[in-house]
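My structure is below; once you've seen it, I'll send some questions.
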Amino acid sequence: MTLAFSSVPGGDEAVTEGAPYARALNRLAKASTLSFYVPGHGATSDGAGSSLAEYFGDRAVELDVPPMIDGIDLGENSPRTQAMELAAEAWGARRTWFLTNGSTQGNRTAALAIRSLGPDIVMQRSAHSSFVDGVILAGLNPTYVQPTIDTELGIAHGVTAESVAAAMDAHPGNPTAVYVVSPSYFGAVADIPAIAEVVHARGAALIVDCAWGAHFGFHPELAESPLRQGADLSIMSTHKLTNSLTQSAMLHLGHGEFADRLEPIVARAHAMTASTSESSLLLASLDLARRDLVNGGDHYEESIANAARARELLRADGRYPVVSDSFDRYDDIVGQDPLRIPIDVRATGLDGHAVRNQLANKYGIYVEMATASTIVLVIGFGKSPSIEPVIKALDEMTVPDGERFAVSLPQLPPTGPIHSLPREAYFAEAEIVPAHEAIGRVSAASLAAYPPGIPNVLPGEEITAEVVDFLQASAAVRGGYVRGAADSAVQTMMVVRD
């Protein structure tokens, strides 16, 4: 079998072996057809498609066809249906939906679907903003469980089964769903089986945001797929570490006791959030990525071994600690993703954002993300980039002792009281006022200081003096910023009009 990233001409049938949707799309592209349908380029490289073909190549244009075509995505056993069934089997799911608007779509779909189980939910406070959007859209009533935090580096990790149980028991209503994140941005893996046990014992469904773990379950050195660990729904950004195209993702339904209830309502929510003109290129890339994950074991061996070598070089150097080496200090972390390498770059004397910018602009090295104290490297499935140029660049950009940046993070304040559902506050009449006048008012916006990226105030919560001080201090730190702020210095805030 030829994997998608092998050097084979794009139109060769071997490229699509084992990928039914991609194969059907490929055969249509190779057929001699006369097209009178959208998109306007008509899947040909002449006329309106000429500039696209010149830029992307003929194949991309030829494969960009609309939905609802016999032999590709129409019918109960269409190639697309077959592709999604193979994906469900690969990740241990009962059913899988392909997503062409990323995990953002998956999070919003999950939130809309679980509202049918009931309004009450317990969610990890460091959830992605797209799930907060879903909470607002669905009118959910959340209680939050705080992740553990590395206060020295300003990094949010995960939650424990005990903290989830405590949050469920403290919720004033009857939680019917729990939402957690695993792995974290830094590769920390939570104890999903233990969390699933306490969630199910309390009669709720478990949603796992596994956006960064689409490769989990395909190699012994990787964590298991959460679908095989008790998750009822799991969202995965397959484009992040596997070889599908950017903006492609999957939503998986587990086999547990909630499957019968969830399947029709997830399908309905998916139909509401999906485009009626889904990209065939993204869908085909999902099919190929699944096929390659199932059959590309040698490529995983190479990538994992390369990541291990990178860690050893960093440890031998000694100046740039591997952040995940200290994960054993945290009860919420039971494993790590070997393909994510978080590095403490404080020894350079620069903040992580400055390091990231210099790596890109001066050295042509692009890393996944940065915080005030760290950068995070990602090694994708089948990739083996060298770490040596990164270490060399870090050495060259190190500043003299007298010019060093000292990371000083303000203490994370408690959140204010909840006065209304997030949806009510979000849609209420709002106004922007000076920050000192916002104290004691109800927020109409979601604000999160980076680091550590945990929402400090959400719609419906009271803004406290401690939160205002923290947000302004975080915005003033070099490399810090506040997502969702009305202005970069947080001198003003959006509140519900009295």
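Which residues, taken from region 457-473, are in a loop (DSSP other than H, G, I, E, B) and either touching a strand residue (DSSP E or B) at 6+ places or on another chain (Cβ under 8 Å) or among the small types (Gly, Ala, Ser) (or both)?
Across region 457-473, the qualifying residues are 458, 459, 460, 463.
Another question about this same structure. Quick one: what pairs do we get from region 424-444, first residue within 13 Å of residue 459 (Cβ to Cβ), second in a helix (DSSP H, G or I), C-beta under 6 Å, 6+ apart or different chains?
Between residues of region 424-444 that are within 13 Å of residue 459 (Cβ to Cβ) and residues that are in a helix (DSSP H, G or I), the close pairs are 426/136; 442/425; 444/425.
Oh, and also: Within region 394-406, is even one residue under 30 Å from residue 301 (Cα atoms) and surrounded by 17 or more Cβ atoms within 10 Å (Cβ to Cβ)?
So the first thing to find is which residues in region 394-406 are under 30 Å from residue 301 (Cα atoms), and the list is 394-395.
Now restrict to residues that are surrounded by 17 or more Cβ atoms within 10 Å (Cβ to Cβ): 394.
Checked against the condition, which is being under 30 Å from residue 301 (Cα atoms) and surrounded by 17 or more Cβ atoms within 10 Å (Cβ to Cβ), region 394-406 yields at least one hit.
Looking at region 437-456, is at least one residue assigned to a helix (DSSP H, G or I), touching a Gly at 6+ places or on another chain (Cβ under 8 Å) and either assigned by TED's automatic domain parsing to the domain that holds residue 353 or under 15 Å from residue 154 (Cβ atoms) (or both)? Even if it seems obvious, please write down each step before you answer.
Filtering region 437-456 for residues assigned to a helix (DSSP H, G or I) gives 437-438.
Keeping just the survivors that are touching a Gly at 6+ places or on another chain (Cβ under 8 Å) gives none.
Within region 437-456, none of the residues are assigned to a helix (DSSP H, G or I), touching a Gly at 6+ places or on another chain (Cβ under 8 Å) and either assigned by TED's automatic domain parsing to the domain that holds residue 353 or under 15 Å from residue 154 (Cβ atoms) (or both).
Filter region 358-401 down to the residues that are part of a helix (DSSP H, G or I), hydrophobic (A, V, I, L, M, F, W, C) and free of Cβ contacts under 8 Å to residues at least 24 places away in the same chain and list them by number.
Taking region 358-401 first, the residues part of a helix (DSSP H, G or I) are 358-363, 388-397, 401.
Now narrow it down to the ones that are hydrophobic (A, V, I, L, M, F, W, C): 359-360, 390-391, 393-394, 397.
Matches in region 358-401: 360 only.
Within region 131-146, how many residues are farther than 19 Å from residue 116 by Cα and without any contact (Cβ under 8 Å) to a residue 40 or more places away in the chain?
Our first condition is that a residue be farther than 19 Å from residue 116 by Cα; within region 131-146, this holds for 144-146.
With the extra rule that they be without any contact (Cβ under 8 Å) to a residue 40 or more places away in the chain, the set shrinks to 145.
Residues in region 131-146 being farther than 19 Å from residue 116 by Cα and without any contact (Cβ under 8 Å) to a residue 40 or more places away in the chain: 1 in total.
With respect to the numbered conditions (1) assigned to a helix (DSSP H, G or I); (2) touching a Lys or Arg at 6+ places or on another chain (Cβ under 8 Å); (3) crowded, with 21+ Cβ neighbours inside 10 Å; (4) of a type in the set (A, V, I, L, M, F, W, C), which one is the sole condition not fulfilled by residue 355?
(2)
Among the residues of region 139-160, is there at least one that is within 21 Å of residue 454 (Cβ to Cβ), modelled with pLDDT of 95 or more and assigned to a helix (DSSP H, G or I)?
no
Give just the number: which of (1) surrounded by 15 or more Cβ atoms within 10 Å (Cβ to Cβ); (2) at pLDDT below 95; (3) within 30 Å of residue 227 (Cβ to Cβ) does residue 59 not satisfy?
(3)
So which residues in region 474-492 are in contact with a Leu (Cβ under 9 Å, 6 or more places away or on another chain), among the small types (Gly, Ala, Ser) and not in a loop (DSSP other than H, G, I, E, B), if there are any at all?
474
What's the number of the condition residue 331 fails, among (1) in a helix (DSSP H, G or I); (2) over 16 Å from residue 90 (Cβ atoms); (3) over 19 Å from the mean Cα position of the chain (by Cα); (4) not hydroxyl-bearing (Ser, Thr, Tyr)?
Of everything listed in (1) in a helix (DSSP H, G or I); (2) over 16 Å from residue 90 (Cβ atoms); (3) over 19 Å from the mean Cα position of the chain (by Cα); (4) not hydroxyl-bearing (Ser, Thr, Tyr), residue 331 misses just condition (1).
I'm trying to understand the selection: among the residues of region 158-196, which are among the polar types (S, T, N, Q) and surrounded by fewer than 24 Cβ atoms within 10 Å (Cβ to Cβ)? Walk me through it before giving the result.
Of all residues in region 158-196, those among the polar types (S, T, N, Q) come to 160, 163, 174, 176, 182, 184.
The answer is 160, 163, 174, 176.
Which of (1) of a type in the set (Ser, Thr, Tyr); (2) modelled with pLDDT under 95; (3) buried (at least 19 other Cβ atoms within 10 Å of the Cβ) does residue 275 not meet, given it meets every other one?
The one condition residue 275 does not meet is (3).
Identify, from the list 284, 308, the residue that is modelled with pLDDT of 95 or more, surrounded by fewer than 17 Cβ atoms within 10 Å (Cβ to Cβ) and of a type in the set (Gly, Ala, Ser). Walk me through how you get there before you give the answer.
On the way: 284 fails: surrounded by fewer than 17 Cβ atoms within 10 Å (Cβ to Cβ).
None of the others qualify; the one that does is 308.
Okay, next question. Pull up region 92-129, narrow it to residues that are of a type in the set (Gly, Ala, Ser) and crowded, with 21+ Cβ neighbours inside 10 Å, then point me to the one that is nearest to residue 449 (Cα to Cα). Full working, then the answer.
The first filter runs over region 92-129 and keeps only residues of a type in the set (Gly, Ala, Ser), leaving 92-93, 102-103, 106, 110-111, 113, 116, 118, 126-127, 129.
Add one more test, that the residue is crowded, with 21+ Cβ neighbours inside 10 Å, and what stays is 93, 103, 106, 110-111, 113, 126-127.
Working: 93: 35, 103: 22, 106: 24, 110: 26, 111: 24, 113: 29, 126: 11, 127: 14 Å.
Here the residue is 126.
Return yes or no: is residue 178 at pLDDT 95 or above and part of a loop (DSSP other than H, G, I, E, B)? Don't jump to the end; show me each part of the working.
Values: at pLDDT 95 or above: yes; part of a loop (DSSP other than H, G, I, E, B): no.
No; evaluated as a whole, the condition is false for this residue.
The values are calculated or read from the model by the stated rules, or taken from the named source; none is laboratory data. Remember, it's a predicted structure, so these values are computed and weren't measured experimentally. Here the Cβ is made from the backbone with ideal geometry for all residues, glycine too, and neighbour counts use every protein chain on show.
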